[in-house]
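Only one structure is covered here, and it is reproduced in the block below.
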Amino acid sequence: MAEITAGIVGYGNLGCGVEKILENHDDIELLGIFTRRPVESLSISSEDIKVLNVDEAENYQQEIDVMFLCGGSARDLPRQGPEFARMFNTVDSYDNHDKIPEYFARMDGIARENDNTCAVGIGWDPGLFSLNRMLMQAIMPQGQGYTFWGEGVSQGHSDAIRELEGVFDAVQYTIPRQQYIEDVRSGETPPQAAEKRHLRRCFVVLEEGADEEEIARSIREMPNYFAGYETEINFVSRRELEQDHAGMPHGGFVMRNARTGSENENSQIMEFSLDLDSNPEFTASVMAAYGRAAVRLNAEGRTGARTVWDIAPSYLSSLSPSELRESML
């Protein structure tokens, strides 16, 4: 019997990914999927998994140990995160970097008031990339750090475009400028601003009668997502989007270079990279491990919000501390 019982809120790309990934975790059992859509419209992998309206979630507080919140960061999570933090231990992939401190503070207060533990900003960026940025800075404080995203589909940015009135569907690719990557690897220090080191390429399907110029302006001026970036916008048909942009690849690099020695004669370069065929399934994989950690922390009475920096790595593993020492240390 599984040690942990889980639920999923939202059944888009990420929710589907969590459902698939939990099949690989023997200690976590998926009890139900909570959706705003008509429940009969969802096709679920197992008859043992309940499909319920999101309003029914409150009835399962005693049965679900951790809830995976799989809505978008633009509109869903700012509302759903605090709502579910009152009732459950949660894990979410909130990815609006500039607003994470505000979101964290709100989640932390509500979770503590209700004796719950909530892992926020869990995925690969924010998430694993955040962890590596911190480790690299701690190890080489005198160095220079860089993050490159892509080439790949950003779920958060695509979702932000889809939220615009007049947009039927959209996919956004984040593309790093290769020369800057090579400059860092060679020990140089190119411009720090992420806006200078990346291009954003958008493919957008409009609803009938929508204004192309107004939609394009809204995308390019969107704060925290596109403002300041070189943004290429392509308006396409539904068929073209489905045929040419159905995949969800992504990846990127966290890098830091520094010099050590009495005369800075030694070059030191650290790099962490990801190359992903499925962005949502990898994000779901990270969330699953942190779901396990949230339940364990809560059992120890450690409530409130947590980020990847606040959770010891051993809490993520299904192995015991002694098994980890024997097999991986």
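Computed from the coordinates by the stated procedures, all read-outs in this text should not be read as laboratory data. Note that the coordinates shown come from a computational prediction; the quantities given were computed from them, not determined experimentally. All Cβ positions, even for glycine, are placed from backbone atoms using ideal geometry, and neighbour counts span all protein chains on display.
Show me the GluC sites (Glu not before Pro) within the stretch 1-53 that DSSP assigns to loop and that have at most 14 other Cβ atoms within 10 Å of their Cβ.
Glu3, Glu23, Glu47
In a Gaussian network model over the chain where Cα atoms closer than 10 Å are linked, find which of Asp48, Asp65, Asp95 has the largest mean-square fluctuation.
Asp48
Please list the radius of gyration and Dmax for the stretch 15-90, considering alpha-carbon atoms only, with Å as the unit.
Computed over the Cα atoms of the stretch 15-90, radius of gyration and Dmax are 12.3, 33 Å.
Compute the separation of the alpha-carbon centres of the stretch 272-329 and the stretch 127-151 and state it in Å as a whole number.
After rounding, the separation between the Cα centres reads 19 Å.
Return the distance in nm (one decimal) between the two label points of a simple spin-label model at Asn224 and Glu29, each offset 7 Å from Cα along Cα→Cβ.
Inter-label distance under the simple model: 3.8 nm.
Can you list the equivalent-ellipsoid semi-axes of the chain, largest first and in whole Å, using the square root of 5 times each Cα gyration tensor eigenvalue?
Here the semi-axes work out to 32, 29, 17 Å.
For the chain, set up a Gaussian network in which alpha carbons nearer than 10 Å are linked by springs, and say which option among Phe203, Phe168, Phe253 fluctuates the most.
Ranking Phe203, Phe168, Phe253 by mean-square fluctuation puts Phe168 first.
Listing Met134, Met287 from the residue with the fewest other Cβ atoms within 10 Å to the one with the most, what is the order? The partial results should precede the final answer.
Numbers: Met134 15, Met287 27.
Ascending Cβ contact count within 10 Å gives the list Met134, Met287.
List the aspartates and glutamates whose Cα sits under 20 Å from the Cα of Lys20, skipping any in the same chain fewer than 8 residues away.
Cross-link targets: Glu3, Glu29, Glu40, Glu47, Asp48, Asp65, Asp92, Asp275, Asp277, Glu281.
Using a Gaussian network for the chain with springs between C-alpha atoms less than 10 Å apart, which of these wobbles most: Ala288, Ala210, Ala119?
In the Gaussian network model the winner is Ala210.
Taking θ = phi - 60°, what integer Hz values does the Karplus form 6.51 cos²θ - 1.76 cosθ + 1.60 yield along the stretch 151-158, in sequence order, with x for Gly and Pro?
Ordered by residue, 3J(HN,Hα) equals 6, x, 8, 8, 5, x, 6, 5 Hz.
Using the eigenvalues of the Cα gyration tensor, what equivalent ellipsoid semi-axes result for the stretch 128-277 when each is taken as the square root of five times the eigenvalue, whole Å, largest first?
Semi-axes from the Cα gyration tensor: 36, 14, 12 Å.
Just want to confirm a number: the relative contact order over the chain, from Cα pairs under 8 angstrom separated by 6+ residues, in percent.
In percent, rounded to a whole number, it is 21.
When N counts the residues of the stretch 156-230, how does its alpha-carbon radius of gyration compare numerically with 2.2 N^0.38 Å, as a ratio?
Taking the Cα Rg and dividing by 2.2 N^0.38 Å, one obtains 1.32.
Working out 0.36 nm times the residue gap between Asp48 and Glu207, then minus their Cα-Cα distance, what length gain in nm do you get to one decimal?
53.5 nm
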